[in-house]
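A quick write-up on the structure given underneath.
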Amino acid sequence: MAFGAPVAFAANTSATTSESDVSVEDVQAKISETFDSISNYTVDQRDEAVESIKETLAELDQEIDELEADARDQWADMSEATREKTSAALVELRKQRNMLGEQFGAMQQGADSTWDDMKAGLADAWAAVKEAWQNVIGSEKAE
C-alpha cells in the first residue's frame with residue numbers, strides 16, 4: 001500500500017499541523033517557483049534548466065517521502081475512511097510525480113525545435129502534481 005500525504009492527520013496532530021503546513025507550503029512555493037521559472041529558459045539554457053529541475057525533483061521526492069513517513073506514523077490512529085483517503089491521495093500524488101518525471105525525461109532528450117512544447121508539457125505536469133499535493137493538504141485540513 002502506498003502512502004505519501006498527510007491527508008487526515010490534522011485532527012490527530014493539531015499541535016504540529018500549523019508547523020507542518022507552513023513547511024509544506026514553503027517547500028511547495030519554492031518548487032513552484034522553479035517550475036514557473038522554466039518558461040523563461042531558452043533552448044540555449046537547456047542544461048541550466050535541466051540541472052535546476054533535477055535539484056527541484058530531488059526536493060519534491062524528499063517531501064513526498066516525508067509525507068509518506070508521516071502517514072505511516074499516523075496510520076494506526078486513523079479511521080478506516082481516513083486511511084482510504086490518505087492512501088488514495090498519496091497514490092495520486094506519486095502517479096502525478098511519475099508523470100512529471102516522464103515530461104522531464106522528454107525535455108532532456110527532446111529536439112531543440114520542440115523546446116517550447118516540452119516546457120509546456122512540463123508546466124502541465126507540474127500543475128497536476130501541485131493539484132494532487134493541494135488535495136492531500138486540503139483533505140488533511142478537512143478532517
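Descriptive notes on the structure:
- Any chance Q134 is under 11 Å from the mean Cα position of the chain (by Cα), under 19 Å from D36 (Cβ atoms) and polar (S, T, N, Q): yes
- Restricting attention to region 42-59 and to residues that are among the hydroxyl-bearing types (S, T, Y) and under 18 Å from the mean Cα position of the chain (by Cα), the residue that is surrounded by the fewest Cβ atoms within 10 Å (Cβ to Cβ) turns out to be S52.
- In this structure, N98 does not satisfy being among the polar types (S, T, N, Q) and crowded, with 16+ Cβ neighbours inside 10 Å.
- Of all residues in region 60-93 being under 14 Å from K130 (Cβ atoms) and not hydrophobic (A, V, I, L, M, F, W, C), the one that is nearest to the chain's Cα centre (by Cα): E63
- The single condition from (1) at pLDDT below 90; (2) farther than 20 Å from N135 by Cα; (3) not aliphatic (A, V, I, L, M) that Y41 fails is (1).
- Count - residues of region 55-83 that are of a type in the set (K, R) and in contact (Cβ under 8 Å) with a residue 40 or more places away in the chain: 1
One line per residue, one yes/no per condition, for (1) part of a helix (DSSP H, G or I); (2) of a type outside the set (D, E); (3) farther than 18 Å from D26 by Cβ:
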| position | (1), (2), (3) |
| --- | --- |
| E63 | yes, no, no |
| D70 | yes, no, no |
| D73 | yes, no, yes |
| T82 | yes, yes, yes |
| A106 | yes, yes, yes |
| S113 | yes, yes, yes |
| M118 | yes, yes, yes |
| K130 | yes, yes, no |
| V136 | yes, yes, no |
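- Any hit, region 54-71, residues being among the polar types (S, T, N, Q) and either at positive phi or at pLDDT 90 or above (or both): yes
The values are calculated or read from the model by the stated rules, or taken from the named source; none is laboratory data. Source: prediction; values computed, not measured. Note that we place each Cβ from the backbone using ideal geometry, even for glycine, and neighbour counts take in every protein chain shown.
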